[in-house]
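Take a look at the structure set out below.
The values are calculated or read from the model by the stated rules, or taken from the named source; none is laboratory data. This is a predicted model, so every value here is computed, not measured. Counting neighbours? That spans all protein chains shown, and the Cβs are built from the backbone with ideal geometry, glycine included. The accessibility values were calculated without ligands, DNA or RNA, using every heavy atom of the protein model including side chains. Shrake-Rupley method; radii C 1.70, N 1.55, O 1.52, S 1.80 Å.
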Amino acid sequence: MSDEEERLVKIRTRFEDLCRALNMDEEASTEAWSSYENISRNFTLEGSELHWLACALYVACRSSVPTVGKGTTEGNYVSLTRVLRCSHISLIEFFSKMKKWQDMAKLPQDFCQSTDKLERNFTVSAVIFKKYVPIFRSIFKTPSEELLRVHRSRKQRRHPCSVSELFNFCWVLYVHAKGNFPMISDDLVNSYHLLLCALDLVLTNALLCSARRDLLNPSFKGLPEDFSSRDYRPPPGPLCFMEQLCELHDGLVLEAKGVKEHFWKPFIKKLFHKRILRGKEDSLSGFLDPMNFGDSFLSLSRLYEEQVLASGGLDERIFTGEGASEDIGTPEPSLCEEVENQDSTLYRLHTSLAASVLKVSTPLTGRKYVQEVRLASPLSTAMKSVGRLHTLLSGTRYGPSSKLTQILRGCSRDPSDVISQRLKDMLDIFTQHHEDSTDDSKGMEKDMAVKFFHLSEALYYRILESIVEREKMILGDADLSCILEQDVFHRSLLACCLEIVTFSYRPPGDFPRVIHTFQLPAYHFYKVIEVLVRSEQGLFREVVKHLNQVEEQVLESLAWTSNSPLWHSLQSAQVPTCQEVMPPQYLEQNEDSGGAGIALTPASQGPDLSTNSTITGVSPSPTTLQDRYGSPPTGGFRRRLFVDPTEGETSATRTPPSSVTKPSLIATIPAGQTVVATATVTANNGQTLTIPVQGIPNENGGFTFIPVQVGGATLQPLPAQNLTSTLAIQSAVTKPVTKAVSSPLRRGSLSLFFRKVFHLASVRLRDLCVKLDIPTDLRRKIWTCFEHSLVHSTDMMKDRHLDQLLMCAVYVMAKVTKEDRSFQNIMKCYRTQPQASSNVYRSVLISGSTRPSSTTDTNQSSSSDSRKDPAGGDISPGLTCSSSTLVTPQPSGDSSSSAVDGGEEERGDLIHFYNDVYIKQMRQFAVRYSRSSPSTGADPPPLCPYPTSRTGSPRRMLLSSKHSIYISPHESGSAPCPALPRERICYYICSSPPNRLQEINSMIRTGETPSRKRSIPLDKETSPKRVCPDNHTALLRRLQDIANDRSSSR
């Protein structure tokens, strides 16, 4: 017998022992062993074999099994807790290995989602149990303070419950109630309020039962004032301590009372009616009586155990067990443990690991603004988020305000009725997607969905009013009917508000479920995110971070799915380069000589973006909704040069270019020099215009003509092939090019999308290069390769992820420049980024859902020897794929990910994608940077400019909802603006005197602006009259707000 066969025999023996200990049925055990054998042959399973067998058994146990009289059940009545204990694996380690097992076993998406929900339920319970222990200790006595129980005879079987028994009873009552409400089982806020309801019920029963008041802690601040007196009698009527508990332990009173009335009371009444809890059903009391407690606790425990076995869920009594720390994998709080030990740094660090699922990691693009808070409690964060949401919506109603109604009626076409009907339709769709299958909780599920939608509706109208006011401030008296009639804008805004509400209650949110529910394309949905954040300045910090993550998910993958409207937009417009969409002040200044500083990924032949005539240096983000939701944008608010619209042509119709002819050159211009000339341009209507231009020889042997600034505006670059008249050389005096020429920026929604994509990619690549110790010059080559792949081989992004192209670009450029970085090391550094996911490098589309299109560079070679550069070097990591090749549909992305040709799509790991797809299209471009490549004598392509790392404040932000205090970005080199309204006080960091801060504090306390003395020069004769600037206050405010918005969006 070989060593391998002997090892399998030992594993088989251990597996059979495990099945006997669990009393596993033969069908499930056979299925589990077959799955383990299949996966162990194809993958290397690290760690204990028993742990992987536990994963296989759990999957086999979760199959639906028919039962007698109870339909089907999720599982075969084998407890997950027993599986973990018998296989000696902690719960946290089980969830970690279960995710890997799902990838290797190609489990269905529904099963993966159920496992994710199970992990979220456990995480919510872990966070709440950490809160439960100190609250219980504050209300009831500790076990050490409890009097010793008097020994009783055998006949006196009924004895009063102890504090420890009451502690376990209250927790079982809570987890059983939480398990009966699937809609709030992973809802952190409502689950916490459900715990307060359980504590309120137990506290009330302790007060009403005169024999059990000894359980209460006399120092508890929520007790009645006369509780310590001997003659204390409970007041008539029902008792309720929800307000006191919320005030003492950071609850939200309105939310808690809503949970108690709609969820808790009906559930407890059913338990009394079924005699699970013994006592008085009318007052929901009496179960703490010594004659009732034992039977009530036993019946409740049996009922909960049946629920856990039938659902295949986790037995959450694991938190109160003796071996809780070993079973869970982290130190857990204990009723008998001292508070000082529970507050230690090590304890808080370990408990934060269990709550990592609920935390919102700050994206790389936002870490320069917000530092990561690692030990913040997820519960306190969620409570603050919901509290801020309620404060934001206080005083609002579920409809438009009178001001918004007046604005809507002032439009040429009143959109109020259409908006109202749209919201009703979206409410019906949302409630249909949130109806639970069980009859008992179907009504409660719908009520919770309606509650979330109404909160979102109130937020929608508030933000819509702010957006409309901002549009009117920018556009003046222009009619907004065209903007307010865009259906996709309103649906996206409501969906975004719904995501904010969902995230506040259930961190870290449920995106992209909301856009799937309303069938919203991710490419259109993301456009409203920045508009919403800029318009509503009272959002909680965690909400803004979450919206940042949502936008990044769209930019990196969701917008690139095969059914995305992005591909339709690219049929009539080419992909722009980074320099064409990024303002020059946000590009690194290159010090290289020659043409390396002007770089540029050559534009592929095809139709250009139709919004190419804007002034250089404009705000990086469009200032109107018209720019965001129109590509090309309509011309109602923008002047078009040279061309007048023809009859019947709409303002959004793209105009033909001016008719021009090729010029005749009369002088030879050396390479690398510029020439000043004039060009006469003839428009379609016969008018001519002579403009000064600068000609720069390009690498193709021709010229690129850049118009010189005329009257403060910069016109479009004019290719030499399109000039119509004779080009007259005005001066043969030339000068070397010392820096890149600033070309006009492209505008429109498509340009905005690629600007954001380039910025996101640059931030992630910069972080990756720092961790890989990649020098700056190599980083610029990697960026040039990435930009080339995105511009010329755009189809490689279809149904794929932005990070996949970034990692491939890092590998290939490091390979051709002889600074090798292995794929394993690249992926290791990638996993440290907050957005990293194993699916990005384990499940990459190889073939099946993409087809060649006009955006793919046809010059790329796909020959069989494409992995070899001409010098004989190998730029491939080898054909050996890693051990995680998958052929399952992509788990993330928009709803459709199947093959367009009807065939099954093939998926593999990142190395497989690099060998079979990436290098075939990028080989000829990459080897041009190789030092040993025998090229045709041409120099390597010029390097593309790299986006800079922005350090300014992200936006103008309101710091207080009660006072008009803002923090705005300010250029450090500029002087404070002297022409400010008198009622405004500005403090400039590192430049204003300290007394300005005192004046601001005084203004907050008193509500009045302190009067300041004006300095009057003595050497001039002053006039007794002065100009009062108060009449211009409103105008100055508008101008200042517009200037702040434009500067903050750069």
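A quick yes/no check of all residues on (1) among the charged types (D, E, K, R); (2) under 24 Å from residue 544 (Cα atoms); (3) buried (at least 16 other Cβ atoms within 10 Å of the Cβ):
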site: 384; (1), (2), (3): yes, yes, yes
site: 407; (1), (2), (3): no, no, yes
site: 421; (1), (2), (3): no, no, no
site: 453; (1), (2), (3): no, yes, yes
site: 459; (1), (2), (3): no, yes, yes
Among (1) more than 38 Å from the chain's Cα centre (by Cα); (2) at pLDDT below 90; (3) crowded, with 16+ Cβ neighbours inside 10 Å, there is one condition residue 188 misses while meeting the rest; what is its number? (1)
Restricting attention to the range 535-581, report how many residues are farther than 29 Å from residue 507 by Cα and touching a strand residue (DSSP E or B) at 6+ places or on another chain (Cβ under 7 Å). 2
Checking residue 383 against (1) at pLDDT below 85; (2) under 30 Å from residue 832 (Cα atoms), only one condition comes out false. Which one? (1)
Quick count over the range 470-501, residues being at pLDDT 90 or above, under 26 Å from residue 541 (Cα atoms) and open to solvent by 20 Å² or more (accessible area, probe 1.4 Å), is 1
Does residue 804 satisfy the criteria of being polar (S, T, N, Q), closer than 28 Å to residue 581 by Cβ, part of a loop (DSSP other than H, G, I, E, B) and modelled with pLDDT of 85 or more? no
Is the range 414-428 home to any residue that is touching a residue at least 60 places away in the same chain (Cβ under 8 Å) and not in a helix (DSSP H, G or I)? yes
Scanning the range 812-832 residue by residue, those open to solvent by 10 Å² or more (accessible area, probe 1.4 Å) and either modelled with pLDDT of 95 or more or not hydroxyl-bearing (Ser, Thr, Tyr) (or both) turn out to be 815, 818, 819, 820, 821, 824, 825, 827, 828, 829, 831
In the range 284-304, what residues are of a type in the set (A, V, I, L, M, F, W, C), under 46 Å from the mean Cα position of the chain (by Cα) and open to solvent by 30 Å² or more (accessible area, probe 1.4 Å)? 297, 298, 303
Among residues of the range 233-263, those that are over 33 Å from the mean Cα position of the chain (by Cα) and under 19 Å from residue 449 (Cβ atoms), counted: 1
What number of residues within the range 537-551 satisfy the criterion of being open to solvent by less than 10 Å² (accessible area, probe 1.4 Å) and either more than 20 Å from residue 753 (Cβ to Cβ) or among the charged types (D, E, K, R) (or both)? 2
